1. From the residues in segment 51-95 that are open to solvent by 20 Å² or more (accessible area, probe 1.4 Å) and polar (S, T, N, Q), which one is nearest to the ligand (Cβ to nearest atom)?
2. Looking at (1) more than 13 Å from the ligand (Cβ to nearest atom); (2) open to solvent by 50 Å² or more (accessible area, probe 1.4 Å), which is the only condition Asn236 fails?
3. Looking only at segment 105-113, decide whether some residue is open to solvent by less than 10 Å² (accessible area, probe 1.4 Å), more than 25 Å from Val174 (Cα to Cα) and either modelled with pLDDT of 95 or more or more than 16 Å from the ligand (Cβ to nearest atom) (or both).
4. Which members of segment 270-292 meet the condition of being in a loop (DSSP other than H, G, I, E, B) and either open to solvent by 30 Å² or more (accessible area, probe 1.4 Å) or more than 17 Å from Ala72 (Cβ to Cβ) (or both)?
5. Asp224 fails exactly one of the following numbered conditions: (1) at positive phi; (2) open to solvent by less than 10 Å² (accessible area, probe 1.4 Å). What is the number of that condition?
6. So for segment 52-60 (the condition being hydrophobic (A, V, I, L, M, F, W, C), modelled with pLDDT of 85 or more and within 19 Å of the chain's Cα centre (by Cα)), does at least one residue qualify?
7. Exactly one condition in (1) in a helix (DSSP H, G or I); (2) under 28 Å from Met87 (Cα atoms); (3) not hydrophobic (A, V, I, L, M, F, W, C) is false for His27; which is it?
8. Does segment 18-33 contain any residue that is in contact with a Phe, Trp or Tyr (Cβ under 6 Å, 6 or more places away or on another chain) and surrounded by 14 or more Cβ atoms within 10 Å (Cβ to Cβ)?
Amino acid sequence: MRLILKILGGAIVLGLILAAIALVPPHLQVRSVEPALPEVVDLRALLSVENGPVRIRYVNTSSQVLPQGELAHTVFLVEWANGDLFMIDAGMDRTAAVEFGKLMESALGAEEAVSHGTIVELLGEDTMRVMGVAYTHLHIDHTQGTEPFCVARGSGASVFQTSWQRDLHNFNTVEGAGVVTDSCLEPEKLGEGTIMTVEGFPGIGMVALGGHTPGSTLFAVAIDDHLWLLSGDISNSKADLQSDTGKGFLYSYLLVPENTARNDILRPWLGALDAEEDMTVIVSHDLRDIAKSGMAEYSR
Ligand SMILES: [Zn+2]
């Protein structure tokens, strides 16, 4: 009996040591991504770009009621006067959404996830107007919907990624990265600088953030006199951003290897931008905050 306990204890300790060793490389990798952040004045310069987009809307592809708030898997659609659409993130199909939701039920005590359909079912004919695609980061809940998108869309749309997002992967971005690589999307280069321009889509700027994943990216979108800042998953709720609250040890060290020092810089930086009168920071999963942000929900 003592021997069995000793062997069992030894196996648990060995398991923990192996897990810790396995987590070192992804932590070192995400900590290597700390590019300079843009000045407010440079972000604001997007507001005077010619032929910029005319509107931005969000699509709620699936949602789940949490003990506090409501978690949604959102897609953002930016539209130009000529009808071109630029899609940021892709949500998930029904099966993936329900599967992912189960994870949230056990981890966060969430209610059952409700899928509202694939992005293609939600966009209908507008799918064919999507000319550019990009991702706030490559976690599967932001990328899997690319598969049904490509089945419907075929060729003709481009994908825009920072080099960090394209090249640096860990155990929970590698699947999403594969979805993008194997997709119908044609890779296109970005402009240089801290605010990377997107050829063919004036008025959008991409900023490499890191923090949450090596490839986490901010999208700044200028509509009329307002700058929408899509911040992905740097925080899981707007309240956490505003109160400068991190995600905790379990999340940031074990579940998702994050650069917590970088997130500690990004939260107040984004919080300060959100406090500017002409800017609104959007947190990808915070449905209730998005609904009251003034951004319109997409409807056909
Ligand atoms: Zn996410």
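The values are calculated or read from the model by the stated rules, or taken from the named source; none is laboratory data. As the structure is a prediction and not an experimental result, all values here were calculated from the model. When we count neighbours, we look across all protein chains shown, and the Cβ atoms used for this are built from the backbone with ideal geometry, even at glycine. Each accessible area value is taken on the protein alone, full model and side chains, heavy atoms only, with ligands, DNA and RNA left out. Shrake-Rupley method; radii C 1.70, N 1.55, O 1.52, S 1.80 Å.
1. Asn60
2. Of the numbered conditions (1) more than 13 Å from the ligand (Cβ to nearest atom); (2) open to solvent by 50 Å² or more (accessible area, probe 1.4 Å), the odd one out for Asn236 is (1).
3. no
4. Across segment 270-292, the qualifying residues are Glu276, Glu277, Asp278, Lys292.
5. (2)
6. yes
7. Against the list (1) in a helix (DSSP H, G or I); (2) under 28 Å from Met87 (Cα atoms); (3) not hydrophobic (A, V, I, L, M, F, W, C), His27 comes up short only on (2).
8. The answer is yes, given that some residue of segment 18-33 is in contact with a Phe, Trp or Tyr (Cβ under 6 Å, 6 or more places away or on another chain) and surrounded by 14 or more Cβ atoms within 10 Å (Cβ to Cβ).
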